[in-house]
Structures are given as structure tokens and as C-alpha cells.
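Quick notes on the structure that follows.
The values are calculated or read from the model by the stated rules, or taken from the named source; none is laboratory data. On a predicted model such as this, the values are computed, not experimentally measured, just so you know. Using ideal geometry, Cβ is built from the backbone for each residue, glycine included, and neighbour counts are taken over all protein chains shown. In case anyone asks, the SASA skips ligands and DNA or RNA and just uses the protein heavy atoms, side chains included. Shrake-Rupley method; radii C 1.70, N 1.55, O 1.52, S 1.80 Å.
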Amino acid sequence: MNITQQRLTTHGQIIALREGLTVRAIADRLVVSTSTVTRLIRRYAETERRPRPRLTTGDEDATIIVAIQNNPFSNAVAIREALHLDVCAQTVRSCLHEAGKQHRVPAFAQQYVREDPEFWSRVVFTDEKTFASTNHGKIHLWRPNRTRYDRAHIYEVARSGCVTLSVWCYISLHGMGDVFQIHGRFTANKFLDIVRNQFLPSIQERNFPFPAGPITFINDPHGQSSALVFDGQQHLRLL
């Protein structure tokens, strides 16, 4: 570690210890002078109170908002380039957030993020995917909360002559699972049929080392996360 890196490390330690220790205690622990500790803590406090300068003008902010209202399926990078803004994409996102616009893409719920490895060893993530013979990729949407079904936020695509293939697959801590084709519309009954008649035989054939007890399925078939528990007796229970 060179002198600059060591100095930065010491500065970070002083800031981290400032709320639990006195200036003298911090100085003794890090072998620095009390004046150094006091100066860095004061400088940090002044920086925290000082508002960050805006990188966009009021007119540019208004232009960004108009751009996303005209095309809510755009993204921050595209807006920045279209408006020739000399800022990063994150600045554009911050402007949209301040205006109450939230970015929406499908994602798994985060309520289990703090669970331990024992929990994750009995979890199976599943999802479905439709492959199409068009160049339409992931759709981004910026909109205020509770406006999902507004006409302006519905993206229509002409798919005449398009060939599609829908599949359902799974993955767990123990490895990748199989991929199953979905025929027709993916309904709740069809999902349960795949789980019982294709998924369960699949994990038995693969001999995944699931621990004793229920297996939790995390699935997102219709944009909202759900979970099913399999008790080992071919019984499924909705959580």
C-alpha cells in the first residue's frame, strides 16, 4: 500500500469511527494527531451539509420530463443522446426520479435477501421465457406509481408473421435444471401441471441434493412473485 492509499484508508477509518469514539480515542487508535482527526471530521461535516450543484438546468430538466412523457418506454441513455446532454445517464435518471417517474422492469422480489445458505439450498428459481423471431428486446418504462394500465404506458407491437417459442426452466443452488416447452397460453393450471408432471420427475432424475424438508419455488409467471412449497409428498401449497 503506497502513501496515498494509506492516507485515504486512515481518512475513511476516522470518518467511520467518529460516532462511536472521542477525538482522542480515534487519534490513539490510529496513531494520528487529534488536530488531524478534528480537521477531517469537520471537513466531512461541511461536505455533507453542502448541497451538490445541479448538472442540468431547469430547461434541460423540463426537456427530459417531456421526452419521457412522449416516450415512456425510452431509457436514460437514449434520452441523454437524443437531447445532446453533457451529463451521465445517472443524472438523467435522478431528474426522472425527482419528477416522480419510476423505472419498471420485471424482477424477483427481494424479501428473502437476508436468508442464510441453508434456506437457499432448498429454493428453486423458475421463470418462463418467450423467444420470438423479431428484434424486440427488453422494454423499459418510466412512469409514476399506480399508472401501470394507463393508455400511454401500454406498448403495442405488431407481430404478424412472428414465430414464437415459450419455455419454462429452473435453476437452484445445486445447478441448472431442464427446459420445458410451453404449449399455448401459460395459465396457472398449466404451471402446476408442469411443476407436478415435468419438474418433479426432472429433479428426481438429476438427483439434486436438496436437504430434508419442503422445497420453495420462486416463480414470476405474471409479473408478480409467488412461491410454492413442495412437501415431498407430491403436495403443493401456495405461500
Next item on the list: Kindly list the number of the only condition in (1) more than 28 Å from Arg151 (Cβ to Cβ); (2) of a type outside the set (A, V, I, L, M); (3) at pLDDT 90 or above that fails for Thr63.
Entry: (1)
Margin query: Tally up the residues in the range 54-106 that are over 21 Å from the mean Cα position of the chain (by Cα) and of a type in the set (S, T, N, Q), please.
Written below: 6
Margin query: Are there helices (runs of 4 or more DSSP H) fully within the range 1-93 with at least 3 residues that are within 30 Å of Ile139 (Cβ to Cβ)? List them.
Written below: 58-70, 76-82
Notebook entry, point to check: Does Val179 fit the bill of being under 17 Å from Asp127 (Cβ atoms), of a type outside the set (Lys, Arg), open to solvent by 50 Å² or more (accessible area, probe 1.4 Å) and modelled with pLDDT of 75 or more?
Noted result: yes
Next item on the list: State whether the residues of the range 79-86 include one that is modelled with pLDDT of 90 or more, touching a Cys at 6+ places or on another chain (Cβ under 8 Å) and surrounded by 13 or more Cβ atoms within 10 Å (Cβ to Cβ).
Entry: yes
Next item on the list: Give me the pairs, please: first residue somewhere in the range 54-68 and in contact (Cβ under 8 Å) with a residue 60 or more places away in the chain, second residue anywhere and assigned to a helix (DSSP H, G or I) and open to solvent by less than 60 Å² (accessible area, probe 1.4 Å), beta-carbon distance under 8 Å, and either six or more positions apart or on two chains.
Entry: Ile68/Ile79; Ile68/Leu96
Check: Looking at Ile26, Ile79, Ile15, which one is among the aliphatic types (A, V, I, L, M) and in contact (Cβ under 8 Å) with a residue 24 or more places away in the chain?
Finding: Ile15
Checklist line | Filter result for Ala45 (hydrophobic (A, V, I, L, M, F, W, C) and modelled with pLDDT under 85) | finding: yes
Note to self: Just to be sure I understand the filter: pairs with C-beta atoms under 9 Å, separated by 6 or more residues or on different chains, first member in the range 133-159 and modelled with pLDDT under 75, second member open to solvent by less than 50 Å² (accessible area, probe 1.4 Å) and part of a strand (DSSP E or B). Which pairs pass?
What the structure shows: Arg159/Ala132
